[in-house]
Amino acid sequence: MLARIIIGLGITVIFFSIAGRRFYWLSKLMRSGQPAPRRWQGFRKVSETEVVEVAGQKKLLKWTVPGLAHFFTMWGFTILMTTIIEAYGSLFSRRFHIPLIGRDNWLAFTEDFFATAVLVSLVVFTIIRIKNAPSRKERESRFYGSHLGAAWAVLFMIAMVIVTLLLYRGAQINTGYFPFENQYLHGAQSFGFLIGPTTHQLASFASPWAFASKIVASWLAPLGVGVNSVLEAVFLLLNISVIAGFLVFVSYSKHLHIFLAPINIGVSRRPRALGGLDKTPDMDMENVTEDTVFGAGKMEDFTWKQMLDFSTCTECGRCQSVCPAWTTGKPLSPKLLIMGLRDNMFASADRLLSGGSNADVATLVPTTIDPDVLWSCTTCGSCVEQCPVDIEHVDAIIDMRRYEVMMESRFPTEAALLLRNMENQGDPWGLGSSQRTKWLDALDFEVPIIDGPIPEDIEYLYWVGCAGSLDERGRKQAVSTARMLHRAGVSFGILGPRESCTGDPARRMGNEYLFQEMAKANISTLHEVGAKKIVASCPHCFNTMKNEYPDLGGDFEMIHHAQLLSHLVATGRLVPGVAYEGTVTYHDPCYLGRHNRVFDEPRNVLDAIPGVTTVEMGRCREKGFCCGAGGARMWMEETIGKRVNMDRTTEALGTGADIISTACPFCMIMLDDAVKANGRDEEVTVMDISQVVERSLQG
């Protein structure tokens, strides 16, 4: 007994000390990052998040089979903490049991059930990893680039925890020291009724609810009581050793997420790290000094939250499998990007912890992150949506873009024209404010152009956006939207020449200063006219004004035209006609759907048209696939791999629909180009939902 106490506690002290030292070092490393915007959102919100995402495994369960396997593994280890208590108690007393509940049948069943469930889950994980082995599918595998050795090692260690647990419990049954035994056994032994009991006699007294342990006991029974006594001690010490060793392994591997995920999820932006980018400091030149660094060019420029993100990555590859850049042959994998930054963080640890100079340190781009990786991102948010541990990939990418643009002046050549047009003309095309009212020529009614305070009889300010005002296809969307609003009796006006780009392309490109200057100018104009309720047709304008302008003092009630049309249809103010009959598939714009959760309203509008039969694409709603225009990619050449819009349009054409509908002018442009490139423009039309409603009313 003394020997196993010494060995068990010795192993525990050594391994726990190693792991503790590592966790303390990791804590210091992450806390060396820059301050992050306020993250604590109150005990109630954080608690709800932990219950839903950590305890409920909400995101993981979106992928049913691996999700269930992870659910049972996570909860298995949580529930089996009771067996760890029993194991350490057994070091000191072979008759140890947890006070009050330690002999209850429900606990015996629960422990054995979850031990079995974990083993079954490990088999599932093994099959999934073999089936999706990168050597077989290369880039198609979500495990491509992951540390596969560590993954197999952790599966083996988890298996050993459960196997050694069941073996020592089986031996306990065969020696009469199993906590869950019939009380008669202890009385019989005390009064000498059992003399030299056999393993089969002892096993008969064990609780039948400990089904897995009893099965193992039956396998060990032929060895006899004496051998089982030795096995009990050996497997008990092995169980403690594997548990303590597993803790050390986790602290040095990608499986840090076991401990860091609940923390990272608790401090992530709510309700999700989508929509607006994280709040950045005001870039008024009064706040800028010669030491100011814009964005993140070296590891010390990232915030502590971003360093926590890098450390929390599980390398599961869910982000990689849904990334439009990666799946169309681009070099960007959100997973590999985060892994690369994590490796750089650990390699830079000495400098980060000592506060040493970084003057001679190479920038992250291009040494750690290739420029083609950085500029392939469409900021669609699929990676963030899928990440089970709430890593904020898009914010890290934009931070690195900011450094490249504002500190190094390194960015794609064609982006220079975009930024110059926005700065000089107030729009990406460089057409100027005089062209912003040209779309009104197609209307047969007057639309007030607001030049002063908005009159009381005008309910909405219609923010047309650059595409709606200046692009030929975007104008068709704006015209149809205006006609439908007018038909429903909605009073609205526009800013006309006073409207300017919201700054979204500049911000996603990385020019934060230009974004803030344009945003402040727009906010000033909107305050001047007294704007309160604003309708936007462009999801990018809608998202920027709704989620990012408030940080700069512009807090307005933002409504997307899909939401307003849905309301008008639901209340009977807009009644679709019967002039059109056909099949429509709806494409979810990333910044309307995934970023802002507007999924049902556009579909409600289409469903209200009597002649429309709707058909969904395989990737829709939260899983909707990007058109390729976001992240300022609309104005950058796509020379690597397959074009994103071609991939998406191929899926849309596969539905057999004669109309591909959407609710974003950029999506319309990208999808329309792809339909024409496929030679299908004679039979398939790309239309905004407002255009589909208008078509139903013609004839």
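The values are calculated or read from the model by the stated rules, or taken from the named source; none is laboratory data. On a predicted model such as this, the values are computed, not experimentally measured, just so you know. Note: ideal-geometry Cβ built from the backbone for every residue, glycine included; neighbour counts use all protein chains shown.
Of note:
- Residue list for the range 447-486, filter: assigned to a loop (DSSP other than H, G, I, E, B) and either buried (at least 23 other Cβ atoms within 10 Å of the Cβ) or among the hydrophobic types (A, V, I, L, M, F, W, C) (or both): VAL447, ILE450, ILE454, ILE458, VAL464
- For the criterion of being touching an Asp or Glu at 6+ places or on another chain (Cβ under 6 Å), more than 16 Å from ALA325 (Cα to Cα) and at pLDDT 95 or above, VAL615 fails.
- Qualifying residue in the range 89-110 (condition: out of contact with any Leu (no Cβ under 8 Å at 6 or more places or on another chain), free of Cβ contacts under 8 Å to residues at least 12 places away in the same chain, in the same structural domain as ALA69 (by TED's automatic domain parsing) and among the aliphatic types (A, V, I, L, M)): yes
- Search result, residues across the range 659-683 that are assigned to a loop (DSSP other than H, G, I, E, B) and either at pLDDT 95 or above or surrounded by 22 or more Cβ atoms within 10 Å (Cβ to Cβ) (or both): ALA663, CYS664
- When GLY630, GLY624 are screened for being at pLDDT 95 or above and in contact with a Cys (Cβ under 8 Å, 6 or more places away or on another chain), only GLY624 passes.
- Screening ALA570 against (1) touching a helix residue (DSSP H, G or I) at 6+ places or on another chain (Cβ under 9 Å); (2) surrounded by fewer than 17 Cβ atoms within 10 Å (Cβ to Cβ); (3) within 30 Å of PRO281 (Cα to Cα) leaves a single unmet condition, (3).
- Residue match in the range 640-659 (condition: among the charged types (D, E, K, R), touching a residue at least 60 places away in the same chain (Cβ under 8 Å) and within 14 Å of GLY582 (Cβ to Cβ)): yes
- Test: ILE391 is out of contact with any Pro (no Cβ under 9 Å at 6 or more places or on another chain) and among the aliphatic types (A, V, I, L, M): no
- Within the range 58-73, restricting attention to residues that are part of a loop (DSSP other than H, G, I, E, B) and in contact (Cβ under 8 Å) with a residue 40 or more places away in the chain, the residue that is farthest from ILE5 (Cα to Cα) is TRP63.
- Among the candidates GLU315, GLU290, GLU300, residue that is outside the structural domain of ALA629 (by TED's automatic domain parsing), closer than 30 Å to SER17 by Cα, charged (D, E, K, R) and surrounded by fewer than 22 Cβ atoms within 10 Å (Cβ to Cβ): GLU300
- Members of the range 413-438 that are of a type outside the set (Ser, Thr, Tyr), surrounded by fewer than 18 Cβ atoms within 10 Å (Cβ to Cβ) and touching a residue at least 60 places away in the same chain (Cβ under 8 Å): GLU414, LEU417, GLU423
- LYS305 of a type in the set (Lys, Arg), surrounded by fewer than 18 Cβ atoms within 10 Å (Cβ to Cβ) and over 30 Å from VAL163 (Cα atoms): no
- Listed conditions (1) modelled with pLDDT under 65; (2) in contact with a Phe, Trp or Tyr (Cβ under 9 Å, 6 or more places away or on another chain); (3) among the hydroxyl-bearing types (Ser, Thr, Tyr) are all met by SER213, apart from (1).
- Of the helices (runs of 4 or more DSSP H) contained entirely in the range 74-183, those carrying at least 2 residues that are aromatic (Phe, Trp, Tyr) and within 35 Å of the chain's Cα centre (by Cα) fall at 105-131, 148-175.
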